[in-house]
1. Once every DSSP H run of n ≥ 4 in the chain is given -39500 (n - 2.57) and the sum is divided by its residues, what mean residue ellipticity at 222 nm do you get, rounded to the nearest 500 deg cm²/dmol?
2. Can you tell me the order of 78-89, 212-223, 50-61, 124-135 when each peptide is scored by its average per-residue count of other Cβ atoms within 10 angstrom, highest first?
3. Over the stretch 1-148, give the accessible area per residue in Å² for a 1.4 Å probe, as an integer.
4. How big is the dipole moment of the chain about its Cα centre under a simple scheme where the beta carbon of each Lys and Arg is +1, that of each Asp and Glu is -1, and everything else is neutral? Debye, nearest 20, please.
5. Of the accessible area of the chain, with the probe set at 1.4 angstrom, what percent is carbon plus sulfur?
6. Are there DSSP H segments in the chain that both extend 15 Å or more along their axis (alpha-carbon positions) and score a mean Kyte-Doolittle hydropathy of at least 0.5? List them, or say none.
7. Under a crude label model (7 Å from the Cα following the beta-carbon direction), how far is VAL146 from ALA224 in nanometres?
8. What does the convex hull of the Cα atoms come to per residue for the stretch 123-164, in Å³?
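The values are calculated or read from the model by the stated rules, or taken from the named source; none is laboratory data. Note that the structure is a prediction, hence the values are computed from the model and not measured. Cβ placement follows ideal geometry from the backbone for every residue including glycine, while neighbour counts extend to all protein chains displayed. When the accessible area is computed, the model is the full protein with side chains, heavy atoms only, and any ligands, DNA or RNA have been set aside. Shrake-Rupley method; radii C 1.70, N 1.55, O 1.52, S 1.80 Å.
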Amino acid sequence: MPQPSASDRRQSVRAGVVWDGVRTLLEGGALGADQARIVDIGGGTGGFAVPLAELGHTVQVIDPSPDALAALDRRARERGVADRVTGQQGDLSDLASLVDEADLVLCHGVLEMVDDPAASLAAIAGVLRPGGHLSLLVAQRHAAVVARAMAGHFQAARELLDGDPATGRGGRRFTSDEVVDLLGDAGLQPSTVHAVRVFADLVPGSLLDLEPGATAALVDLERAVATRPEYLPLATQLHVLAAR
């Protein structure tokens, strides 16, 4: 069996907790359907969409990049799930016109980049059926303050400390309380908030590449702290599952 590449190892660390949450939601019957209608906003080349289709669900990927959608189509065909994966060019502002109704919406790494997060969450709520769920992954502010300070960008860290200027390539950063409030205002009820990448961004990539078993041990550690609220401020990202 071929060994996973360095990028695969890093991806397993970064996405393991998120996958656990989504898989638990689907397998636990919360959506009330064996074949869920899933919309992946900004789903790119299908990192989540294709594996979800392999589990038997239908997935509609909405992404602004035609190149990403072309790669999505190739990946879906190679994995034999092209009949369950569709790609459409667009973004959150096009959601109402592209989606009739969804059981589950994935919005991973997108809310940071929009002009109006509240309006975007309201748009997502508008396409979720009653009882449907949102999987939301956002960048977390407190960890970004620490990361900037450790990199020597002290003024940037200070600017993020008490508020988010929402500038730069990375877009906004959110706290857990802010995300919960935004979801509530959109009519969505958070059920779980997970800490994602508490340690992953602090561990040298060379350690994962060279130390046998290091990747699996780090994934286990990330899972162990994901549900502990004291670790939320240390997480690079927050993963929230919310119901309509």
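1. -12500 deg cm²/dmol
2. 50-61, 124-135, 78-89, 212-223
3. Per-residue value: 45 Å².
4. About 440 debye.
5. Reported share for carbon and sulfur atoms: 52 percent.
6. 117-127, 214-226
7. For the pair VAL146/ALA224, the computed spacing is 1.7 nm.
8. Spread over its residues, the Cα hull of the stretch 123-164 gives 92 Å³ apiece.
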